[in-house]
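Derivation of every value follows stated rules applied to the coordinates shown; laboratory data play no part. As the structure is a computational prediction, the values presented were derived from the model and not from experiment. For neighbour counting, all protein chains shown are included, and Cβ atoms are generated from backbone atoms with ideal geometry for every residue, glycine included.
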């Protein structure tokens, strides 16, 4: 990875080419979007927001030109530009000036909440919009035995907007952390780990999220305030990262083998809902009582 990051930083044209190529591949293979975004992010972290925007514009031009030639349409560039590169540049700029992954994570949570809220404004009825989209996907994919109505019966569509917003924030934060790790490899060995261990969300925010969870689960607003559910789901994404930071620091402080982290990342890879909630719960507990400090002191 160090050599790859060095190649990106050889010059502006290298960064534009890598971000554009990986962005093109990401349309068919979504994991490439992480590396495309991290390329733009690394440039932003090192050289500032202006250079990051220049690389973003160049990469967008490459992707648009490629798809215009191959498919006759260039609009596939728009999701990459608005959904990945631009928010990534802004997030990396925030990290560059604050030197705080916690403040950056708060900003990413804000971006995700803004995305969730904008869907209500754009669609009018966000649940019906997701239902229509799912029906269209099921029809085009010729999937039998499942309908959007069945999903509605288990209230899955009510959660859809929040889940998509959470995935947006999760992808964005992972991309920023990848860019920061690359920067650490090149210019500040050990800096990423120290900064990641310092990731701790404000305790006042934790109290607010707990209150929000109580309001949602006892149904104070019934089903009339889905945005509250969306915010709660987004908060799970945020505390997931604090849970990860806590586990990493505890493993290091207690001098445990790094193999102990394998089940954590396997659970994340398979995106098991109960595991995700459990990891976020660790982050919440750590925010309230400094879990990592307590357990590290016992080592």
Using a Förster distance of 35 Å, the FRET efficiency for residue 225-residue 3 (Cβ separation, nearest 0.05): 0.10
GNM, the chain, Cα, under 10 Å: largest mean-square fluctuation among 284, 176, 215? 215
Residue with peak Gaussian network fluctuation, the chain [Cα springs, cutoff 10 Å], from 110, 162, 52: 110
Distance in Å, no decimals, from the C-alpha centre of the range 104-119 to the one of the range 236-299 is 23 Å
Under the 0.36 nm per residue contour assumption, what length would be gained going from the current alpha-carbon distance of residue 281 and residue 214 to full extension? 22.7 nm
State, to one decimal in nm, how far the label point of residue 261 lies from the label point of residue 32, with both points 7 Å from Cα in the Cβ direction. 2.8 nm
Estimated [θ] at 222 nm from DSSP helical runs (n ≥ 4, -39500 (n - 2.57)) normalised by residues in the chain, nearest 500: -26000 deg cm²/dmol
Tell me, what is the FRET efficiency for residue 207 and residue 122 to the nearest 0.05, using R0 = 30 angstrom and their Cβ-Cβ distance as r? 0.40
Can you give me the C-alpha center-to-center distance between the range 154-184 and the range 9-74, rounded to a whole angstrom? 19 Å
How far apart, in nm, are two points set 7 Å out from the Cα along the Cα-to-Cβ line at residue 82 and at residue 167? 1.8 nm
If you rank 85, 130, 93, 260 by fewest surrounding Cβ atoms within 10 Å, what's the result? 260, 93, 130, 85
In terms of the Cα gyration tensor, with a ≥ b ≥ c the square roots of its eigenvalues, is the range 172-299 rounded because a/c is under 1.5, prolate because a/b exceeds b/c, or oblate? prolate
Would you mind ranking 158, 209 by Cβ crowding within 10 Å, fewest neighbours first? 158, 209
If the chain between residue 73 and residue 268 were fully stretched, how many nm would it gain, using 0.36 nm times the residue separation less the Cα-Cα distance? 66.7 nm
Under a plain spin-label model, where a point goes 7 Å from the Cα along Cα-to-Cβ, how far apart in nm are residue 97 and residue 289? 3.9 nm
Extent of the chain along each principal axis, from alpha carbon coordinates, in Å, largest to smallest? 62, 55, 32
Most exposed first by the Cβ proxy, i.e. fewest other Cβ within 10 Å, how do 40, 55, 137, 126 rank? 137, 126, 55, 40
